[in-house]
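Data first, discussion second: the structure below is written as C-alpha cells.
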Amino acid sequence: MKEWWSFLFPPSSACWFCGTPMQARLFAPPEKRLCPVCLESLQPIKEPICQVCGRGFDKAPSTGVCFDCVRIAEEERVMNRSPVAYTDQVAAWVRLFKYRGKEGLATPMGRWMAEVARVHYARENISLVTFVPLHEERLIQRGFNQAEKLADEVGRRLRLPVCPLLVRNKDTAYQSKRTREERLLALGGSVILADGAWKRHVANQVVLIVDDVYTTGATVRECAKPLRQAGVKKVCSVTFAR
C-alpha cells in the first residue's frame, strides 16, 4: 500500500536532462531530479568559490578572489553565481538548448539557477530580473533568446518581474572561440539600454542579469555598464555554468 503523501507528491517520470525514466519527488532538490548518468557528468560548484565570479576552488586564495577577477577593477566587477562547472557534458546540453531548439531545457536549467540565486543573493534584495540580449539578426537565426528563456524561469521561481532592459546594438558574432582580449574588444559598446517607460523606475533597483554560461565575464560586465549609468543600485548575475 502506498504512503498517503505519495498521492500528493507523485514521482516525476524522467530525468530533467536526458529523459531517462526515474523516481524523483516533485519538489526534490535539483541534484535529485537527475539520473545517475547525468549526475555523474556534472560538477556542482561548491565552496570555496571566488567571491566575484563564483568559480570553484580546490583551495581558495587568501583574497577569496580568483586570478582572472583580481585583474578587473573593483568598480567593474559583477558578482556571479552558477550551479555547475562548464564540463564537456554541460557544453553539450547548452548546445542542444541554444542551437538545436531544445527550449524545454530552460525549465530545469532555470530552476537550478533560481535556487542558486535564492541562496547566494538572499541579502541582496533583488527587485528586477533581466537577461543578456541577442542582436536582432542572431535572434532571427535562432528563433529565441536562450538567456530570456532562462530569465523567465528564474523570475517565475523567484517571483520577480522579468524586464527586457538591454539591447544588443551590434552583432559580436560567436564569442566561444575568441581570446579574452578579443572578447573585450568585440563587446565594447555592444549593449545599450532599451527604450521604454521602465527607465524612470530602474534607478536604485537591484538587478539580476541572467545568461547561460559565464566564461570571462566580459558579456555580463558589458551589460552592467548601461545599467549602472542608469542609476541601478547594484548588478549581479546568475548563469547555469561557470
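Any read-out appearing in this document is the output of simple, stated calculations on the displayed coordinates, not a laboratory observation. Remember, it's a predicted structure, so these values are computed and weren't measured experimentally. Ideal geometry is used to build each Cβ from the backbone, glycine not excepted, and the neighbour counts take in all protein chains shown.
Details
- Cα centroid separation, the range 29-100 to the range 116-153 (Å): 17
- With the simple model of a label 7 Å out from the Cα in the direction of the Cβ, GLU40 to ALA91 spans 2.1 nm.
- For the range 29-37, the Karplus equation 6.51 cos²θ - 1.76 cosθ + 1.60, evaluated at θ = phi - 60°, returns couplings of x, x, 5, 8, 9, 10, 6, x, 5 Hz by residue, with Gly and Pro reported as x.
- Separation of the GLN229 and SER13 label points, Cα + 7 Å toward Cβ, nm: 5.0
- Around the amide H of VAL191, modelled in the peptide plane, lie the amide H atoms of ASN169, all under 5 Å away and 5 or more residues distant in sequence or on another chain.
- Projected label distance in nm at ALA203 and GLU74, using a 7 Å step from Cα toward the beta-carbon: 2.6
- Prolate/oblate/rounded call for the range 88-163, Cα gyration tensor, a/c under 1.5 rounded: oblate
- Rounded if a/c under 1.5, otherwise prolate or oblate - the range 42-109, Cα gyration tensor axes: prolate
- For CYS18, residues with placed amide H under 5 Å, excluding near neighbours: CYS35
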